[in-house]
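What follows is a single structure, written as structure tokens, with notes after it.
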Amino acid sequence: MLSYSIFAGRFWHSGCRIAVLFACITFVYPQRIYAWVYPEHRLITIAAIQKLSYQQRNTLNFLWSLAQQQYKNRFSISVIDTAKSEKVRLLDFAAWPAIAGDHSCSPAEMLHTITNSTWISGVNEVGVKLGERLLSAKNNSQRSNYLRMSDMQLLKKDDAYASRAGVNSVHFLLPRNTTEISLIQYIQQCTRKGASLNAMGVYTYFHQLAMQKLWNYWHESEQTPGHTSLLIAALADEAFAIHFLQDAFAAGHIAGSWGGAALQKGTHDHYNEEGLEIETWAGKRKVVKGDAYITEEDIQLVSTVVSQSLTQLFSVVLNSQMPLGPGDRNPDGFNVCTNTTMPDFSFDTAMINEMVSMTPIPGLASGAGSLPRFRAELGPFIGISTGISGMSVSGGFGPDQNEAGALGGLEANIRFGLGLDGVVNQSGDGLIFIDAGWKQESSSSNNIFYSGGAVATNAITSAIPARSAYNLRLRMPFCIIPGDLILAAPVLGLLAPKLYKKMAIAAVNGGLIPWQSALHTGIGRFQIILGREMGVSLYGLRSPRDYLILPDNNNQAILIEYRSTKIEFPVIEYRPYKSFTANQSSGILLQLYTGTDIPHRVRLLAPSTATAPALQQVWFAGIRVLFNWRRYL
């Protein structure tokens, strides 16, 4: 028997842990907003290389062959590796921009990752497989499932995958403050010292470094120590620059460049999927999409600009001088993940103007004329939940009440929680919440004693009379075992937030148990949620108390007062409908659940000469239909 006092104490202790957990996750919940996914970055780069002139293509092939001699066990023989298998251990140059920014924070880190890490080939395998799956996707449901699978695989391969893009807006275009701004003025705003990190500013910075290093390489003696390393550094800087040049064409990174995490993420996701009409500084109009939704038009548009960047890089070898100084000989170490502002640097204005003129004009900043904004379900919320349920019970509380029955219930709850939808992708678990409310249940269909149907069931003869309860419910994703985020929060959340963040990200995407992840279909979203949600109903606390009429050993009726604690575990959840506006969300859920009802605090009322029997647990299984509404704060 589980006493109510013990349970209440444990629940209070758990409540303290949950409070710590909410504080930790609110502080560390990540905002992963990249542009094109890995295979899209690589496709764009491949198309760009193929658009190079015959002379420029030969130049790239020649330079790559020299670099490949230094890293034969890491670089592919060809600039573009045409192998179809995802089990590719050697990386081509086309993969470098895909690794830049999303799987490394600087050209120096990118090159070190490519040449020394054991995990980057695994990232490439996941990227190749994702590319194949996206090509075969028949609808957005399949696309969401494929993205969720690849993101979970990338989280396992790359420890810092989800945390790199949360400190700044480096993958976004800097928004315009006025419609009157010119191309030159915009470039000055993007590149000035102290400006917020942004895609065009970072592209300019690394592209200029690449040109300087390649010029130095071409004009120095082949006998100079580190001669080939200088070439590789130039290629690394350019590949890193190309990543952000490609990002500048993703719809969500043109429109979603300002606002809080929820607003920026929601706007980013909306325009990437639905598309956005853009105009380049040179006056060219197109409709572009974004990550995981790339079109052939997107590939052709962006690859043309990337090809021009490579052409500009190779053209510097023909210049008689590069007036911006000798420069560093190593891949640059400027960290785009931890820094928030642009460094001080010089660049060739004419060359950069030529490149930026081919890129989209960004949207206006907050205010009149800005593009419509959309919010993701991120952050704290308050809401309500109402539901109707029906369940089958194993019997009654009496020792010999083993006849199965059924009963129904209604409930209404107030909900407090934290939205985490779309932290990594749109297939995430999405919510952490606590419900508190009221539940009313009907009397059961089975009788006090087994009559074989001879006695009709009514409110008096039901084995379990109608009753009401205080209702509590907790939804908590887990990584490996139920409740692990709660247990780890006081320690990891405060002492090792990066590790806890990785653990939390894995949890909200289904954890390390593959079958716990959500499955999107054309008719709704299915998920096995066993261990992720628990409901507790406390019966017999109100006045008047709950009473039972039971037969004793002499078949005499006795009257007892009792309390019980019902513990529910939802097993499968189906969400056929969901709607979300600027700051409100509503949806309908169906849950299949199971659990047990534990009686305690039994007190004999009459007759005084009888002995109170030992009550038994009741097991049950049922279905619940819920309507949820929540407002994000």
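The values are calculated or read from the model by the stated rules, or taken from the named source; none is laboratory data. Keep in mind it's a predicted model, so treat the numbers as computed, not measured. All Cβ positions, even for glycine, are placed from backbone atoms using ideal geometry, and neighbour counts span all protein chains on display.
Does Gln208 satisfy being touching a Gly at 6+ places or on another chain (Cβ under 6 Å) and in contact (Cβ under 8 Å) with a residue 40 or more places away in the chain?
no
Would you mind finding the one in Ser309, Ser315 that is of a type in the set (Gly, Ala, Ser), modelled with pLDDT of 95 or more and over 29 Å from the mean Cα position of the chain (by Cα)?
So the residue among Ser309, Ser315 that is of a type in the set (Gly, Ala, Ser), modelled with pLDDT of 95 or more and over 29 Å from the mean Cα position of the chain (by Cα) is Ser309.
Determine, yes or no, whether Gln584 is modelled with pLDDT under 95 and either aliphatic (A, V, I, L, M) or touching a strand residue (DSSP E or B) at 6+ places or on another chain (Cβ under 7 Å) (or both).
yes
Among the residues of segment 77-89, is any among the charged types (D, E, K, R), crowded, with 17+ Cβ neighbours inside 10 Å, over 26 Å from the mean Cα position of the chain (by Cα) and at pLDDT below 95?
Within segment 77-89, one or more residues are among the charged types (D, E, K, R), crowded, with 17+ Cβ neighbours inside 10 Å, over 26 Å from the mean Cα position of the chain (by Cα) and at pLDDT below 95.
From the list Ala239, Ala262, which one is in contact with a Gly (Cβ under 6 Å, 6 or more places away or on another chain) and either free of Cβ contacts under 8 Å to residues at least 12 places away in the same chain or in a helix (DSSP H, G or I) (or both)?
Just a single option satisfies the conditions, and that option is Ala262.
Where in segment 486-572 are the strands (runs of 3 or more DSSP E), entirely inside, with at least 2 residues that are outside the structural domain of Val625 (by TED's automatic domain parsing)?
In segment 486-572, 546-551 are the strands (runs of 3 or more DSSP E) which contain 2 or more residues that are outside the structural domain of Val625 (by TED's automatic domain parsing).
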